[in-house]
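Right, one structure below, let's go through it.
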Amino acid sequence: MTPTSPLAGFHPAVAAWFEGAFPAPTEAQVQAWPAIASGRNTLVAAPTGSGKTLTAFLAAIDVLVREGLYDGLPDATQIVYVSPLKALSNDIHVNLEAPLEGIRAELARQGLPDVRIRTAVRTGDTPQAERARLRKTPPHILVTTPESLYVLLGSDSGRAMLAGTRTVIVDEIHAMVSSKRGSHLSLSLERLEALCGRRLTRVGL
């Protein structure tokens, strides 16, 4: 991997997983990764199949992998992924669970310590037992809907879970931007930033 490679900014285990899984980064990934890594708010606008969701997730995972290796991950949610779609299972498996599994295998192959990044999906359909588990052991990456984010921000346990958030990823942003649902989400994002007491990195897809 050359210093000018689009993957040069990633941890070697993260870059190695990507190179083993894909022939090359897409143009959207090449342009978005440096912007996201610099902490700038970033809008990734590209056709279906351009790897937009993975673009955002991989940048977030890289930060968590580095932190996990050097300092250890705290029991706190750091990445919030918001999608207007409740049917998230397949998309999350492809763009989040599979990369995490592959990167852990790559860390082991390189002789590095394991980094277990916890993820969870929280929607209106999430069973009460799972909600209780999330309160007790918060995920590092939370996948949710605009409505469920609003509910979390209205509860003490939800605010406690979200207070360590650093990055918010909003998927399918074009489907919400001109609607009341989008306005409602915008307010929730401002509430989240106020709760965290820091400027959040926002990534729109």
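The values are calculated or read from the model by the stated rules, or taken from the named source; none is laboratory data. Since this is a predicted model, take the numbers as computed values, not measurements. Cβ atoms come from the backbone with ideal geometry, glycine included; neighbour counts cover every protein chain shown. Only protein heavy atoms, including side chains, enter the accessible area calculation; ligands, DNA and RNA are left aside. Shrake-Rupley method; radii C 1.70, N 1.55, O 1.52, S 1.80 Å.
List of remarks:
- If the condition is being in a helix (DSSP H, G or I) and among the hydroxyl-bearing types (Ser, Thr, Tyr), then the range 31-64 contributes THR53, THR55.
- Residue list for the range 10-45, filter: open to solvent by less than 70 Å² (accessible area, probe 1.4 Å), touching a helix residue (DSSP H, G or I) at 6+ places or on another chain (Cβ under 7 Å) and closer than 27 Å to GLU193 by Cα: PHE10, ALA28, GLN29, ALA32, TRP33, ILE36, THR42, VAL44
- Picking from residues in the range 110-123 that are in a loop (DSSP other than H, G, I, E, B) and open to solvent by 50 Å² or more (accessible area, probe 1.4 Å), the one that is farthest from ALA175 (Cα to Cα) is GLY111.
- Condition broken by LEU112, with the remaining ones in (1) modelled with pLDDT of 95 or more; (2) out of contact with any helix residue (DSSP H, G or I) (no Cβ under 7 Å at 6 or more places or on another chain) satisfied: (2)
- When residues of the range 65-81 are limited to those that are aliphatic (A, V, I, L, M) and surrounded by fewer than 21 Cβ atoms within 10 Å (Cβ to Cβ), the one nearest to THR145 (Cα to Cα): ALA76
- Screening the range 46-58 for residues that are under 12 Å from ILE169 (Cα atoms) and of a type in the set (Ser, Thr, Tyr) and picking the one that is least open to solvent (accessible area, probe 1.4 Å) gives THR55.
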